[in-house]
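Comments concern the structure below.
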Amino acid sequence: MTIMEPRKHGDASDGTVGGRQTRFEGNLKVTGGATYALEYPVEGLAYAILVQSTIPAGRVVSVDAEKALAAPGVLMVLTPDDDMGLLVASDWGGNRPENQPYYPLPRQVQYNGQSIAAVVAESREQAVEAARLICITYEQTPHVASFNDTAAGEGKVMDNLTSGWGDAEAALADAPVQIEGEYSTPREYHVAMEPHGLTVKWDGDQITVWEPSQWSHGMARSYSEWFGIPYENVRLISPFIGGGFGSKGAALAHGAVAAFASRKLGRPVKLALTRPQNFTNYGGRAATRQRIKIGATEDGILQAIVHRGASETSTYADWPEQTGAATPILYKVENFSSQHRVVPVNAVTPGALRGPGKNPSAFGIESAMEELAYKLGMDPLELRLKNYADHDYQSGKPWSTRRLREALTEGAEAFGWSKRSHEPRSMRDGNQLIGWGIGCGTFPVIQAPSEAMIRILGNGRVEVVSGAIDMGQGTYTILAQTAAEVFGIPVDQVEVHLGDSRLPGAAIAGGSMLAGSILGAVHKAATAARDELIGLALNDEKSPLRDTGANTLTFSGGRIAAPRDQGPSLTLSELMAALGRDEIEILRNTLPEGATAQEQHQAWTSMAKVQGPTMGEYSMHSWCAHFAEVRVDEDFGTVRVSRIVSAFDCGRLYNPRLVESQWRGGIIMGIGQALLEEGLVDQRNGRTVNGNMGDYLVPTNADVPHIEVISVGVPDYGASALGGKGVGEVGIVGVAPAIANAVFHATGKRVRDLPITLEKLI
Amino acid sequence: MRDFSYYRASSADEARHAALQSGAMLLAGGTTLLDLAKCGVMEPETVVDITHLPGLGRITVDAGGATIGALAKMGEVADHAGIRAAFPAVSESLSLAASAQLRNMATIGGNLLQRTRCSYFREPDVFPACHKRNPGSGCSALGGVTRNHAVLGTSDTCIASYPGDLAVALVAFDAVVELGGRTISVDDFFLTPGNTPERETVLERGEMITAITVPASAAAKNSTYLKVRDRQSYEFAAASAAVGLEFEADGRTVRDIRVALGGVATKPWRARNVEQALTGKVLSPETVEVASRLAMEGAVSHGANHYKIELAPRVVARAILKVGGLV
Ligand SMILES: Cc1cc2nc3c(=O)[nH]c(=O)nc-3n(C[C@H](O)[C@H](O)[C@H](O)COP(=O)(O)OP(=O)(O)OC[C@H]3O[C@@H](n4cnc5c(N)ncnc54)[C@H](O)[C@@H]3O)c2cc1C
Ligand code: SF4
């Protein structure tokens, strides 16, 4: 039976950097050949499940597990009474407290839904059934359900996020036109298709962990530190990931529980989080609120921006969702002041979710800019262009590249913005009000050192080997394209091995930094391997190319030859055979020359060596402008997005097809954020009551309109070795305000708190 | 999920007999039963699989009306040409429900008996208080997150809404549930919670739905199902209306009108007061708007579901205007 027609790969240029090569591992995924973490066929598995707190704050006094232990198939029950002997692992920055014990099942209850016990049994069903027999006694203490709770207070100022220049308050007071608004976003969740979970197995003091990971090396480090074993003893395997969106960058408590259980039982253990546990075992995007005041002249020149923001965090860690992240850099403003607070509440510590910081920040400033435009009676596009930032006023540095003006003007052109009528409620189609809105977005270019290995094999195939991961964003594909280009061979002559902490180190797939970081290393290693081959081919006496007299060789069309047709041409395998070589293997990294082993380890397993967007000469960012059209049924308050045009400046695109699909994915998530997504918290016990996919709504295909994406970027060699900037995060940034602005244009109603559900419009 | 035994019934009598045992539950498409078993809400000791019973999946439509076998799939009924012609509201209520995958699994009998989406009902470990699950234990929804709860037909003990779509269309057109031994109108089949929210229908242990019959009528032929929700697809109704209309010969005076509401009440809700207010009247946007507001007579909100009182009459009005040819 033929499952599908062989795919056509477009023209030959697809196999080079910048070509539209289809997804390298696509066939494996759609035919079920890609093995995900919970699918590894490991013999003799035991199954672990988690038991979670049903109170928001307090202490576990006792856990009565007697009945559970007697239930059929039960092997073990873990509770806060078990000292697992683990130690706290390093934080993101690689800092680690000395000898501090780590309790993945803590006695102290900090939020409703926290894991406090685990049951391990011969089958998952037996474990689940036994868990219901466990009786937990708590000592409950007062809780803070959310930052809207009166008991929450104002929280604490994050000094490192305070920023300002000029005299914002005074300039605001003097400004003839002023607007002020408070904007808020609720708790939002990753809802990756593949839930979290792992399979884990010990062999002596060696551990293998099959777990979806955005960072195989960073997570391997956590396991080694928890269990006090050498880093080399941990192998974390994660070749395919069903979406992460920021949630799979760190090892989590359930991983420690499964690994401990496995060691104690002497058996491999599988632990799969249920879908509801994917809402409580790790944090989504924190709820935020921000007050923005803008002062401007009567002709719309910004005079001052004053921003005061806050986000929820947990009672046990500070995670700021930085509401002032985009505010200082989108527009030219001489007087600026921003401050951000975190407010501890009884919830799981929030985490990074697509476009962290920039995303809620853009919702605030981009809504406020349109409010100002309407106050001035000015076209919101004109207002944005009028206040175009010629450089980064926050760092004082020039932009590496910034084509936001082109994004705005070319996006407007493609959208047909000039046909807009300015007045709210002035565009209509039957029962439906039509509105248009703009939202700009940005995300910084960050990078980390990475390492890659290239192997040229005797059979002429080229292997790219890296511990970097691919969660669908396209790492396999662009690494194959890079190697194919360097060696002048078709993409299908390249093999790519990823997602294993034993392989060369790489940056986290987060903050849109992986492609820029790992491509640099792969390109360097591939070029070095090619140089080595050229050296051998020109000097080795067995080489047929030796006598050409050339001082270099060309690699193209799958053949290697001297320039200008002097002498023979050979394929890679013919040349390797002639040289009598089975393999040429080259390892290169992008650390400074002479980095020690210790520095290398630190580079792959912590964020300590990450280069921020303004650490060099330039201020480096990706930019975008979204144009949204909505149709609002005024009687029902229902909003449907009917059209989106988005123009992006992400520098050079390594593979436009995959980039476009990342942008579209971000835009679709933005539609969800604008209209549907909201964790609903029961204030009485701090529980999120819609933590499942039936009740926490994300867009369906029917909610996704035609999306046109446009690239206006130019190669930015200040930002990365190959000229690209980040593409994954920026797509969502600015979508929600574009939709909220369109809703205002349609209805005359300004919704400042997301999501824009129907009751807010009727 | 607790272990249960599985029993495949080969005749209707055998199924009824098996269902008499304590802890036995009928299994049709399983999309409600297994879901709630995994949530720890339904705890069958035996599931009695009725999907292999012969003859129960038949759909017939003739001049008198439609007979839909209990095992007919949601998707089959939605797509049935005879149903679409004679009962557009019934077909639409199904095609707007759930997802394609669910509609291919789920049966009409099971669909009527789907349970509420009240979050508190669905999470026993965290919210032990729920009169519907455990009579006398309390109601966690009161004072909680109530955006999807009912505003009509509620009681002090329970405010859970009936989430289904099909039953709303059925109740508008006087459909009848066939229980083998007896028949009962869909309207009487469902109960409001009163003091016994655990009793949602008149179905007795050991009884089985065998079919649903819907009498043909001019109003049913000129009908629609309008479902309003935040998400375009795959979401339960924030408010919905099934409406059918027959004019007098003048083409503007109402001879027969049927109105039922979904997403807002504790059972599929027939709005007879709206029907009475419009019968014999000339249909106009003004009369429709005024009459539609009657649908909310006696409505009580609990916090976040207040919007339904405003929304539902608008949905009713739009649906009436649509079948009246006025929008
Ligand atoms: C994610 C999701 C979204 C949904 N969205 C919608 C929606 O938008 N609109 C909507 O209307 N519905 C929706 N549903 C509900 C869905 O329509 C029902 O789950 C389905 O119709 C139930 O049919 P079934 O055959 O699977 O029933 P089962 O799960 O097999 O049975 C349900 C109940 O009925 C009993 N039963 C079944 N057949 C009979 C019979 N013949 N006689 C007596 N008792 C019987 C069973 O014992 C059980 O108690 C949704 C469901 C899910 C899971
Ligand atoms: S509304 Fe009804 S179903 Fe929901 S918690 Fe209260 S009693 Fe239970």
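The values are calculated or read from the model by the stated rules, or taken from the named source; none is laboratory data. These numbers come from a predicted model, not from an experiment. Neighbour counts are summed over all protein chains in view; Cβ atoms, including those assigned to glycine, are modelled from backbone coordinates with ideal geometry.
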State yes or no: is residue B:309 in contact with a helix residue (DSSP H, G or I) (Cβ under 6 Å, 6 or more places away or on another chain), β-branched (Val, Ile, Thr), at pLDDT 95 or above and in a strand (DSSP E or B)? no
Name the pairs: first residue in the stretch A:488-516 and outside the structural domain of residue A:588 (by TED's automatic domain parsing), second residue assigned to a helix (DSSP H, G or I), Cβ to Cβ under 8 Å, at least 6 apart or on different chains? none
Is it true that some residue in the stretch A:635-645 is more than 27 Å from the chain's Cα centre (by Cα), aromatic (Phe, Trp, Tyr) and within 30 Å of residue A:420 (Cβ to Cβ)? yes
Just give me the residues in the stretch B:213-225 being within 9 Å of residue B:89 (Cβ to Cβ) and either touching a Leu at 6+ places or on another chain (Cβ under 8 Å) or surrounded by 24 or more Cβ atoms within 10 Å (Cβ to Cβ) (or both), in sequence order. B:220, B:223, B:225
Just one of the numbered conditions (1) out of contact with any helix residue (DSSP H, G or I) (no Cβ under 9 Å at 6 or more places or on another chain); (2) buried (at least 20 other Cβ atoms within 10 Å of the Cβ) is not true of residue B:13; which one? (2)
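Kindly establish whether residue B:87 is crowded, with 23+ Cβ neighbours inside 10 Å and either away from chain A (no Cβ under 11 Å) or over 30 Å from residue A:686 (Cα atoms) (or both). Let's see the steps before the verdict.
Working: crowded, with 23+ Cβ neighbours inside 10 Å: yes; either away from chain A (no Cβ under 11 Å) or over 30 Å from residue A:686 (Cα atoms) (or both): yes.
Here the answer is yes, as residue B:87 does meet what is asked.
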Quick one: would you say residue A:672 is touching a residue at least 12 places away in the same chain (Cβ under 8 Å) and either closer than 24 Å to residue B:119 by Cβ or within 14 Å of chain B (Cβ to nearest Cβ) (or both)? yes
Criterion first (at pLDDT 95 or above and within 16 Å of ligand 2 (Cβ to nearest atom)) does residue B:121 satisfy it? yes
Within the stretch B:138-161, tally of residues that are over 12 Å from residue B:270 (Cα atoms) and away from ligand 2 (no atom under 11 Å from the Cβ): 2
Go through (1) out of contact with any strand residue (DSSP E or B) (no Cβ under 8 Å at 6 or more places or on another chain); (2) assigned to a helix (DSSP H, G or I) and name the single condition residue B:199 misses. (2)
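Listed here are the residues, each with its yes/no results for (1) at pLDDT 95 or above; (2) under 30 Å from residue A:494 (Cβ atoms); (3) among the aromatic types (Phe, Trp, Tyr); (4) in contact with a Ser or Thr (Cβ under 7 Å, 6 or more places away or on another chain).
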residue	(1), (2), (3), (4)
A:425	yes, no, no, yes
A:428	yes, no, no, no
A:431	no, no, no, no
A:442	yes, no, no, yes
A:457	yes, yes, no, no
A:460	yes, yes, no, yes
A:465	yes, yes, no, no
Can you pull out every residue in the stretch A:13-63 that is out of contact with any strand residue (DSSP E or B) (no Cβ under 6 Å at 6 or more places or on another chain), more than 30 Å from residue A:478 (Cβ to Cβ) and of a type in the set (D, E, K, R)? A:43
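Residue-wise test of (1) under 20 Å from the mean Cα position of the chain (by Cα); (2) within 14 Å of chain A (Cβ to nearest Cβ); (3) surrounded by fewer than 24 Cβ atoms within 10 Å (Cβ to Cβ).
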position	(1), (2), (3)
B:265	yes, no, no
B:272	yes, no, yes
B:280	no, no, yes
B:286	no, no, yes
B:299	yes, no, yes
B:308	yes, yes, no
B:324	no, no, yes
With the checklist (1) of a type outside the set (Val, Ile, Thr); (2) over 28 Å from residue A:135 (Cβ atoms); (3) away from ligand 1 (no atom under 16 Å from the Cβ) in hand, flag the one item residue B:125 doesn't pass. (2)
Any pair with Cβ under 8 angstrom, 6 or more apart, that starts in the stretch B:29-42 at a residue that is more than 12 Å from chain A (Cβ to nearest Cβ) and ends at one that is near ligand 1 (Cβ under 7 Å from one of its atoms) and modelled with pLDDT under 95: none
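Just one of A:159, A:205 is more than 29 Å from the chain's Cα centre (by Cα) and of a type in the set (Asp, Glu); which is it?
Details: A:159 fails: more than 29 Å from the chain's Cα centre (by Cα).
Only one candidate passes the filter, namely A:205.
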Based on this model, can you work out whether residue A:467 counts as in a helix (DSSP H, G or I) and farther than 30 Å from residue A:746 by Cβ? no
Among (1) surrounded by fewer than 24 Cβ atoms within 10 Å (Cβ to Cβ); (2) within 14 Å of chain B (Cβ to nearest Cβ), the one test that residue A:681 misses: (1)
Would it be correct to say that residue A:594 is more than 24 Å from residue A:674 (Cα to Cα) and either in contact with a Lys or Arg (Cβ under 9 Å, 6 or more places away or on another chain) or not in a loop (DSSP other than H, G, I, E, B) (or both)? no
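Which of the residues that make up the stretch A:189-217 are under 30 Å from residue A:148 (Cβ atoms) and either touching a Leu at 6+ places or on another chain (Cβ under 6 Å) or in the same structural domain as residue A:348 (by TED's automatic domain parsing) (or both)? Spell out how you get there, then give the answer.
In the first step, residues of the stretch A:189-217 are kept if they are under 30 Å from residue A:148 (Cβ atoms); the result is A:189-192, A:195-196.
A:190, A:195, A:196, listed by residue number.
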Flag for residue B:107 being touching a Lys or Arg at 6+ places or on another chain (Cβ under 9 Å), near ligand 1 (Cβ under 10 Å from one of its atoms) and of a type in the set (Val, Ile, Thr): yes
Would a scan of the stretch A:182-193 turn up a residue that is polar (S, T, N, Q), surrounded by fewer than 16 Cβ atoms within 10 Å (Cβ to Cβ) and within 30 Å of residue A:325 (Cα to Cα)? no
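Select, from B:72, B:98, B:24, B:78, the only residue that is within 14 Å of chain A (Cβ to nearest Cβ) and within 13 Å of ligand 1 (Cβ to nearest atom). Working first, answer last.
Working: B:72 fails: within 14 Å of chain A (Cβ to nearest Cβ); B:24 fails: within 14 Å of chain A (Cβ to nearest Cβ); B:78 fails: within 14 Å of chain A (Cβ to nearest Cβ).
None of the others qualify; the one that does is B:98.
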Before we move on, is residue B:160 within 16 Å of ligand 1 (Cβ to nearest atom), under 14 Å from residue B:193 (Cβ atoms) and either at pLDDT below 95 or within 14 Å of chain A (Cβ to nearest Cβ) (or both)? yes
Any idea which residue in the stretch B:132-145 is surrounded by the fewest Cβ atoms within 10 Å (Cβ to Cβ), counting only those that are more than 21 Å from residue B:33 (Cβ to Cβ) and more than 10 Å from chain A (Cβ to nearest Cβ)? B:136
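Can you list the strands (runs of 3 or more DSSP E) found entirely within the stretch A:33-103 that contain at least 2 residues being closer than 26 Å to residue A:209 by Cβ and assigned by TED's automatic domain parsing to the domain that holds residue A:685?
Details: elements: A:46-52, A:58-64, A:74-78.
Answer list for the stretch A:33-103: none.
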